[in-house]
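Here's the structure, in structure tokens; my notes come after.
Any read-out appearing in this document is the output of simple, stated calculations on the displayed coordinates, not a laboratory observation. Values in this document were obtained by computation on a predicted structure and should not be read as measured data. As a convention, Cβ positions derive from the backbone with ideal geometry for all residues, glycine included, and neighbour counts pool all protein chains shown.
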Amino acid sequence: MTNPTTSEIIARCQELYDDLRFTSARDWKDAEPGRKVIAHMPIYVPRELIHAAGMLPLGIMGGGDNLEVIHGDAYYQSYICRIPRSTIELGLSGRLDFVDGMIFPSICDVIRNLSGMWKMLFPEVYVKYFDVPQTYDDDIGGTFYIGEMREFLTDLEALAGRKISDDDIRTSITVYNENRRAIAELYRLRAAKPWQAPASEAYLVMRAGLTLPVEDHTRLVHDYIAAAKAEKRPIKDNSRIILTGMFCEQPPLNLIKSLELSGCYVVDDDFMLVSRWLVGDVPTDGDPVYNLSQAFLHQSMSTAAKYEPDEAEKGQFLVRAVRDTGAEGVIFASTSFCDPALLDRPMLQNVLKAADIPYIAFKYSENSGQMQPIREQAGTFVDSIKLWSAA
Amino acid sequence: MKPSILKAQPADVQKDASMIKQKQMMAGHYDRLTSAPETGAKVASTFVPGNLNELIMCFDLVNNLPEVNAIQNGLRKKSGAYIMEAERSGHSEDVCTYVKSDIGMMLKGNIGPNGKPLPKPDVLLLSYTGCFTFLKWFELLREQYKCPTIFLQTPYMADGKITPNMIQYMVKQLKENVIPVLEEVSGVKFDIDRLREYLKKSAVAEDDLVAVLQSAKNKPSPIDAYFGGIYYIGPIFGAFRGTDDAIDYYRFLRAEVEERIAKGLGPVTPDGTMSEEKYRLVVEGPPNYTNFRQFWKMFYDEGATVVASSYTKVGGTYDYGFRHNPDKPLESLAEYCLNVYTNRSLPMRIDMLSDYINEYEADGLLINSIKSCNSFSAGQLLIMREVEKRTGKPAAFIESDLVDPRYFSGANIKNRLESYFQMVEQKRSGRGAAA
Ligand code: SF4
Ligand code: SF4
């Protein structure tokens, strides 16, 4: 069999991205009796546990710009971000009617409160607010987190109607390790040769990972990397930038394309952190729940929804990302009304200022239509980066 | 325009012993804070929900509450300028205005309500309950003050229950993270018996506070449990829980309220005693502080008394039975934090508001949705519909902000309230029943 081309792979990913009825997840569920789908919102849940229960984790990132929000607005005031209302729309319009459980990670007050709303609106569905520690000592945060994961496992066992063994979890850790490695390779490729793996394509490849079974997604990522490397693509005189702040409500795909059109090579981002949250492999020997907790406490990404206990470390993840990817600047793109991202932003900007790294900031929402202002702003930023580097 | 139904005028209002006591307490507290550089007292900044005042006192630290400073600045009409200052320095117009008011105040010299500069905190006690914004708020303050920051996370009560895992997590944090750093910063050794003594005192004042809040079940209600309630919760939510002053204050207050019940009097308002109680309301959400009097007047002018509110539970849900317990000191602090209103799941909030409507025989629910407070506001429209459905009583929705004067539109709110009161009338006369 010949390797698929990038355009074939991206067409498949685009189809998954556009399909707000989640047909592929429905098909997976229908393929065998008793299968269950557990949906989750950003930013992180240990998908290994869901997988170990024989279920499909399905990442829900709101409704995007193609969903007409009819009911959702009746649940939210105008000064609240869009992702909860479009997610409610997905629920009320029956698009999630095949989902057996819905997990709300501990990211902010909006998602937290949405967990209670979901309980009221969809009483027949298993709903869980998944609390995580914001303290990272093994004995304190670690013990708490293990306790929360064990509770989650008990719930999953009840849903699955069977015990989940440590070996089940170890197997799941193994397949997710493979997925994380594939994704890390994709990000490395994009950082090294952004013209070979443009951000808008990488984005779609990553998004597919929220819908597909993890084993299929890992294959897809490898296929994409192989195809992207094989393809001859022109190198443009773009500037290398890092996008940050987009960890929850997603930008319209057009926004990413607009940034590329205005001269940006996106060499790192925080789009779908669930797939990259744990950095490196999680060990597969010993107690798997303990291993997952250790990875969460000591080897996980930084983001605005997380407390940084060490002041000296605040924002350094961004400085390191700039150094590691050879980025020339940072774009803070935050969802309107997003308290975590917008409150974090000035602190991160101060860190970048101290490190002499240029940045700009703008806000968006998942249904932003007007790209012109963003394109102009990004274009000016790119020009100024070039001027600085020439000076 | 309707004539005011108030009979008593401000001249008739005599200052109650509790009010005088509270003023003295607050003034004394701000003096203790602003004179810290001279007295050498050490200062801990911390938040109202999840406030560990008894523990802080064990280390002879003075408690500084940024939210209370923001409220003071709102009431004194200073918050608007502070918020703009914070926005000029790079903060988004979209985020919590408490934070911006605090940052703006800091940028403008940190002048406290007594006109003197507030001291730099010696420690930031990030006891974080019911709102994610607190995390970022103290990261922002830490960036400025460069002082030790202690972290205490309260898990969210998403399933309506407190699990052993939650309590153990909190107690461990208290033992291993909070207490050792407080000892280090203050130079005072932790004495659990001292903590027990304070907790014992807390429980005494808490009993009286509950009696005061529940007095609103009388008809007429002798108190306004929202506008008036904000004054009543001040000492116990702030820097006085666990003190003799708080015990005295709540004893005076309770006696005054009981006297009002005996005399059949309504609540005290800035314009005197309300003489006719026409509407009994339950209110969800914080108030507006920049136009506090104007806002309150819209209620008492119409004869509307708030008989129960959720805002007066952000520093503890004592009316649901919780008391600080000297026999389980650290567990009790944990339970206290877990129980605060904003740490309760949405279904729990709905239950609480519906119960209030029934128990206090209220005419309906009013929601004041705060533009910049996601913790309270996200989900309020569903709360409104659900409470309406369960109680059969009408609900209404108004919008303002806690301390940002740009989001207070008096005319809009007044219109909404007037239509709401008409709706209540209709419901009473049965005309709205089919709607
Ligand atoms: S976009 Fe921001 S505020 Fe909205 S749900 Fe996500 S993290 Fe919360
Ligand atoms: S978001 Fe609301 S609860 Fe949180 S700090 Fe601001 S005003 Fe308080």
For the pair residue B:390 and residue B:359, how long in nm is the line joining their label points, each one 7 Å along Cα→Cβ? 1.2
Between the alpha carbon centres of segment B:272-296 and segment B:113-132 the gap in Å comes to 28
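Per-residue Cβ counts within 10 Å, from other chains only, averaged over A:119-127: what number is that? Spell out each step's value before the answer.
Details: counts 6, 9, 2, 0, 0, 0, 0, 0, 2.
The per-residue average across the peptide is 2.
Which whole number of Å³ per residue matches the convex hull of the alpha-carbon atoms in segment B:267-434?
Values: hull volume 21.5 nm³, N = 168.
So the per-residue hull volume is 128 Å³.
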So for the pair residue A:5, residue B:244, with labels modelled 7 Å out along Cα→Cβ, what separation do we get in nm? 8.8
Expected integer from the mean partner chain Cβ neighbour count at 10 Å over B:163-176 is 4
Sort all Cα-Cα distances of segment B:112-247 into consecutive 5 angstrom bins from zero, then give the percent of pairs in each bin up to the one containing the longest distance. 2, 8, 11, 14, 19, 19, 14, 7, 3, 1, 0
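How large is the direction-averaged shadow of the alpha-carbon convex hull of segment A:83-229, in nm²? Can you show the working numbers first?
Numbers: hull surface 44.5 nm².
In nm², the orientation-averaged hull projection of segment A:83-229 is 11.1.
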Sequence-distant or interchain residues sharing an amide H contact under 5 Å with residue A:56, placed H: which? A:36, A:37, A:38
Could you check what % of the DSSP bridge pairs in the protein assembly as shown are antiparallel, to the nearest 5? 5
Distance between modelled label sites at residue A:310 and residue A:138, nm, 7 Å Cα→Cβ extension: 1.7
Check which residues have an amide H placed less than 5 Å from residue B:366's amide H, if you skip close sequence neighbours. B:282, B:283, B:284, B:396
Just to check I understand the Karplus step: with θ = phi - 60° and J = 6.51 cos²θ - 1.76 cosθ + 1.60, what whole-Hz values come out for segment A:348-361, glycine and proline as x? 5, 5, 5, 5, 5, 4, 4, 8, 6, 10, x, 8, 9, 9
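If packing is taken as the average number of other Cβ atoms within 10 Å across a peptide's residues, how do A:60-68, A:201-209 rank, most packed first?
Numbers: A:60-68: 19.3, A:201-209: 23.3.
Result, highest mean first: A:201-209, A:60-68.
What is segment B:17-190's relative contact order, in percent, from Cα pairs under 8 angstrom and six or more apart in sequence?
Values: 218 pairs, mean separation 40.5, N = 174.
Relative contact order for segment B:17-190 comes out at 23 percent.
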Relative intensity, log₁₀ I(q)/I(0), of segment B:302-343 from a Debye sum that treats every alpha carbon as a point, q = 0.13, 0.16, 0.31, 0.33 Å⁻¹: -0.34, -0.47, -1.06, -1.13
At 0.36 nm per residue, and after removing the present C-alpha to C-alpha distance, how many nm does the segment from residue B:429 to residue B:76 gain when stretched out fully? 122.9 nm
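So in chain A, what percent of DSSP beta bridges are antiparallel if you round to the nearest 5? Could you put the intermediate results ahead of the total?
On the way: 1 of 27 bridges.
For chain A, the DSSP antiparallel bridge percentage is about 5.
Just subtract the alpha-carbon distance of residue A:281 and residue A:231 from 0.36 nm times their residue separation and send over the number in nm, one decimal. Don't skip to the end; give the middle numbers.
Values: separation 50, 0.36 × 50 = 18.00 nm, distance 2.97 nm.
Value of the extension gain: 15.0 nm.
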For peptides A:81-88, B:320-327, A:229-236, A:128-135, sequence by mean Cβ density within 10 Å, most packed first: A:81-88, A:128-135, B:320-327, A:229-236
Amide N proximity, segment B:275-292 versus residue B:320 label position 7 Å along Cα-to-Cβ, cut-off under 20 Å: B:282-287
Quick one: give the max-minus-min coordinate of the C-alpha atoms of the protein assembly as shown along each principal axis, largest first, in Å. 92, 67, 55
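Counting only DSSP beta bridges with both residues in chain B, what percent are antiparallel, rounded to the nearest 5? It would help to have the intermediate numbers written out before the result.
Details: 3 of 31 bridges.
Antiparallel bridges: around 10 percent, rounded to the nearest 5.
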For the protein assembly as shown, the dipole about the Cα centre with charges only on Cβ (Lys and Arg +1, Asp and Glu -1), to the nearest 20 debye, works out at 1640
Can you pull the percent of Cα pairs in chain A with separation above 37 Å? 18
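How many partner chain Cβ atoms sit within 10 Å of a residue's Cβ in peptide B:150-162, on average, as a whole number?
Values: counts 1, 7, 2, 10, 1, 9, 9, 2, 12, 7, 2, 0, 0.
Partner Cβ neighbours, averaged per residue: 5.
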Take the Cα coordinates of segment A:1-129, assign each an equal point scatterer, and use the Debye formula without solvent to give log10 I(q)/I(0) at q = 0.15, 0.17, 0.22 Å⁻¹. -0.75, -0.94, -1.41
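Per residue Cα convex hull volume for segment B:233-329, in cubic angstrom?
Values: hull volume 13.1 nm³, N = 97.
Taking only Cα atoms, segment B:233-329 has a hull volume of 135 Å³ per residue.
What number, rounded to the nearest 500 deg cm²/dmol, is the helix-based mean residue ellipticity at 222 nm of chain A, given -39500 (n - 2.57) per DSSP H run of at least four residues and division by all its residues? If you can, show how the numbers build up before the last one.
Working: 14 runs with 188 residues, N = 391.
Per the formula, -15500 deg cm²/dmol.
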Any idea what angle helix A:166-192 forms with the longest principal axis of chain A, computed on alpha-carbon atoms, 0 to 90 degrees, nearest 10? 10
Which part of segment A:27-63 falls in the paramagnetic zone of residue A:167, meaning amide N under 16 Å from the point 7 Å along Cα-to-beta-carbon? A:52-54
Long-range amide H partners of residue A:265 with built H, under 5 Å: A:239, A:240, A:241
With +1 on the Cβ of every Lys and Arg and -1 on the Cβ of every Asp and Glu, and nothing else charged, how large is the dipole of segment A:27-167 about its Cα centre, in debye rounded to the nearest 20? 320
Beyond 23 Å, how much of the Cα-Cα pair distribution for segment B:17-190 remains, as a whole percent? 43
Whole-number percent relative contact order across segment A:1-154, with pairs defined as alpha carbons under 8 Å at least 6 apart: 19
Each residue of segment A:233-246 in turn: what ³J(HN,Hα) in whole Hz from Karplus with 6.51, -1.76, 1.60 and θ = phi - 60°, glycine and Pro shown as x? 10, x, 8, 9, 8, 8, 9, 8, 10, 10, 9, 9, x, 9
Just rank B:344, A:112, B:251, fewest to most, by other beta-carbon atoms within 10 angstrom. B:251, B:344, A:112
Where the centre of each part is set by its Cα atoms, how far does segment A:140-154 sit from segment B:365-435, in angstrom? 40
C-alpha center-to-center spacing [segment A:110-136, segment B:311-342] in angstrom: 22
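Taking R0 as 51 Å, what FRET efficiency do you get between residue A:18 and residue B:110 from their Cβ-Cβ distance, rounded to the nearest 0.05? Mind showing how you got there, number by number?
Working: r = 53 Å, r/R0 = 1.03.
Using R0 = 51 Å, I get an efficiency of 0.45.
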Which one of A:43, A:146, A:242 has the biggest mean-square fluctuation once chain A is modelled by GNM with Cα springs under 10 Å? A:146
Rounded to the nearest 10 degrees, what's the angle between the helix A:372-390 long axis and the longest principal axis of chain A, both from Cα atoms, 0 to 90? 60
Using the Karplus curve 6.51 cos²θ - 1.76 cosθ + 1.60 with θ = phi - 60°, work out ³J(HN,Hα) for each residue of segment A:284-299 in order, rounded to whole Hz, and write x for Gly and Pro. 10, 9, x, 6, x, 5, 4, 4, 5, 5, 4, 5, 4, 6, 10, 9
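Suppose R0 equals 51 Å. What FRET efficiency, 1/(1 + (r/R0)^6) with r the Cβ-Cβ distance, do residue A:193 and residue B:176 give to the nearest 0.05?
Plugging the Cβ-Cβ distance into 1/(1 + (r/R0)^6) gives 0.60.
Among B:300, B:249, which comes first, second and so on when ranked by fewest other beta-carbon atoms within 10 Å? Don't skip to the answer; put the middle values down first.
Details: B:300 24, B:249 27.
Lowest to highest Cβ neighbour count: B:300, B:249.
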Using Cβ counts within 10 Å as a stand-in for footprinting exposure, how do A:2, A:23 rank, fewest first? A:2, A:23
What FRET efficiency, computed as 1/(1 + (r/R0)^6) with R0 = 41 Å and r the Cβ-Cβ distance, is obtained for residue B:189 and residue B:27, rounded to the nearest 0.05? 0.85
What does a probe at residue B:162 reach in segment B:343-385, counting residues whose amide N is under 15 Å from the point 7 Å along Cα→Cβ? B:343-345
